[in-house]
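S.K.: Structure below; questions to follow.
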Amino acid sequence: MKKNLLSASVVAVLSCVLSLSGSAWGQAKPNEGAAPAASTAPHKVALVDMAYVFKNYKKFEVLREDLKEEIQASEGEAKSRAEAVQNLQKTMKALNEGSPEFTTAEQKLAKASAEFEAFRRQAQREFLKKESQIYHQVYTEASEAVAKYAKYYNYTLVMRFNREELDTENAQKLIEGMNRQVVYHRGEDDITESVVDFLNKMYDKKAASAAPATGVRPAGATAPRTAVNK
């Protein structure tokens with residue numbers, strides 16, 4: 001009996017303590033140890049089509065054209081080296097195998113072939129590296145422009161999306177299009193055109209200030225990092 005009475009007393013005391021604790025937390029003020037309330041500011045989401053930005057950013061096209069010219073020049077040299085190898089092969093066919101002339105021509109052919117392959121591999125590595133650098137540079141500038149725009153207009157999140165219409169003529173592309181992450185959005189939340197416009201204006205401004213009196217566009221002129229304006 002005493003044990004039961006003791007247990008009942010303990011339960012009553014604990015209930016009283018819990019009740020008082022609950023009242024104390026309910027009446028506590030933020031400066032009395034309560035956790036600060038979460039921000040009530042609503043999220044504002046923007047969308048940007050990065051593929052469209054790349055395609056319509058003038059600087060990206062200029063850099064690609066500059067690289068294309070380098071590749072064409074390299075292909076011209078590669079063609080000359082290949083013709084030299086072919087000429088040595090023709091020379092060897094006219095010589096007697098085992099003769100000193102044949103041996104000399106064979107050595108020249110081996111050297112020319114090795115140099116041609118080394119040149120081709122090196123050029124390929126360099127152009128792949130330059131192409132990746134172009135994509136990285138343009139992506140970085142586009143991302144910075146997106147960040148500036150988002151901060152200026154108080155967007156809390158910017159997501160990539162595809163703004164192209166669904167291709168109903170191609171079953172595979174239609175399926176891919178229907179798997180897009182963004183199913184619905186408001187037109188005003190698509191900031192793609194604004195980003196492209198900002199990037200091109202900055203590029204034109206930089207190109208104009210760097211161009212000589214003849215008005216020739218400087219290759220690969222970069223856009224200054226200026227805040228996005230309304």
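The values are calculated or read from the model by the stated rules, or taken from the named source; none is laboratory data. Please read all numbers here as calculations on a predicted model, not as lab measurements. A quick note on method: Cβ atoms are made from the backbone with ideal geometry, for glycine too, and the neighbour counts reach across all protein chains shown.
S.K.: Are any residues in segment 141-186 of a type in the set (Lys, Arg) and free of Cβ contacts under 8 Å to residues at least 60 places away in the same chain, and if so, which ones?
M.R.: Matches in segment 141-186: Lys151, Lys173, Arg180, Arg186.
S.K.: Next up: Taking the conditions exactly as written (over 43 Å from the mean Cα position of the chain (by Cα), modelled with pLDDT of 90 or more and surrounded by 13 or more Cβ atoms within 10 Å (Cβ to Cβ)), does Leu88 satisfy them or not?
M.R.: yes
S.K.: Search segment 67-87 for residues that are under 13 Å from Glu117 (Cα atoms) and pair each with any residue that is aromatic (Phe, Trp, Tyr) and part of a helix (DSSP H, G or I) when their beta-carbon atoms are under 6 Å apart and the residues are at least 6 apart or on different chains.
M.R.: Arg81/Phe116; Val85/Phe116
S.K.: Scan Glu131, Glu126, Glu164, Glu169 and give me the residue that is farther than 30 Å from Arg81 by Cα, among the charged types (D, E, K, R) and under 21 Å from the mean Cα position of the chain (by Cα).
M.R.: Result of the check over Glu131, Glu126, Glu164, Glu169: Glu164.
S.K.: If you don't mind, another one. Might you let me know whether segment 157-168 holds any residue that is out of contact with any strand residue (DSSP E or B) (no Cβ under 8 Å at 6 or more places or on another chain), closer than 19 Å to Asn56 by Cα and assigned to a helix (DSSP H, G or I)?
M.R.: no
S.K.: Determine which member of the set Thr140, Thr168 is at pLDDT 95 or above, of a type in the set (Val, Ile, Thr) and exposed (fewer than 15 other Cβ atoms within 10 Å of the Cβ).
M.R.: Thr140
S.K.: Given the options Ala46, Ala82, name the one that is of a type outside the set (Val, Ile, Thr), part of a helix (DSSP H, G or I) and either modelled with pLDDT under 50 or at negative phi (or both).
M.R.: Ala82
S.K.: Among Ala105, Ala114, Ala150, Ala123, which is the only one that is within 30 Å of Glu65 (Cβ to Cβ) and either assigned to a helix (DSSP H, G or I) or at pLDDT 95 or above (or both)?
M.R.: Ala123
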